[in-house]
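The values are calculated or read from the model by the stated rules, or taken from the named source; none is laboratory data. Remember, predicted model here, so these are calculated numbers, not experimental data. Side chains included, ligands, DNA and RNA excluded: accessible areas come from the protein's heavy atoms. Shrake-Rupley method; radii C 1.70, N 1.55, O 1.52, S 1.80 Å.
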Amino acid sequence: MTGSWGDVFSAIGRRPLSWMVAVLLASFCWAVLILTAVTVWSLRPLAERSSIAPEATVVLSSGTTAAQIDSLRSALSALPPIAATRFVSSEEALGQIAARSAANRDAIGQLAANPLPDSVVLSFRTGASPEAVDSAAAAIRKMPRVESVELDSSWYRKLWALATIGSTALLALGAALLAQGAAWLAVAVVVSGPVDPHGVQLMRLLGADERAIRRAPVAAAAITALIVAALALVCARVGWQWLQGRIVSAGRLYGATAELQWPDPIWLTGFAVALLLAALLLGSFRARLLIGRVAGFK
């Protein structure tokens, strides 16, 4: 057993500088990826609560009865993009205008009759696309007792475009970090377990089988993966603690509660196991390939 472990660490120690650089770079990439995923997942509920969606005002035809209003609201609520409906009578709308300033109250006092129509205010669901909002507005305009639909969705289209760009950039960043982490892990595995053709021939002459010859490079790959996973989790934890303080301080300024949730141990274990399995597969495949190239070894 001692000799086996000696072979493993001897393999890792053949290129120590290259191995350490690859391990550190792989750990950094995985740490940034973990911290990014933790941040996005933790702040997702806050982003959903603070998300805004457009509203539309449905102006009703004159003489619409209460029963017709209820029927129309039921039809409006059945539309997928609609989150809620609120009836605003002409008297309530006039009262809201009067409450804004004394000048408005004086002007309203000179009116002979209330010129405002009854209306229904629509709230769209968070995450409804601009196309869905415009499609719903077009369908509402064709409904009975609807005089017009007032909707300004231009700002929502711009916000939606910005959110789409941000999500795409975040996914691209995650994909780049994942590719970099996997690439540097592969480099570290390759550097950790070099296969010496002369050593293979010597072990073969001494009666070692292929499994025994593969043991050292594959074990070196496994140790490398575990070290990468451990360093990545330590770096991510340090970054998490630093970022947690900044987010909490920023949340207090805006009266919001925001905290980064550190993943459960089962997720962290799964991450380490995933890296370990990937390294074992790569190390085993590489060892088989290189050993198979040695002359006379089948």
| query | Ordered by residue, what ³J(HN,Hα) values in Hz, to whole numbers, does the range 114-120 give under the Karplus form 6.51 cos²θ - 1.76 cosθ + 1.60, where θ = phi - 60° and Gly and Pro are x? | reply | 6, x, 7, x, 6, 8, 10
| field | Protein accessible area in the range 64-154, 1.4 Å probe - carbon and sulfur % | value | 53 percent
| message | Please list, in order along the range 163-170, the HN-Hα scalar couplings obtained from phi with the Karplus expression 6.51 cos²θ - 1.76 cosθ + 1.60 (θ = phi - 60°), rounded to whole Hz, x for Gly and Pro. | response | 5, 5, 5, x, 5, 5, 5, 5
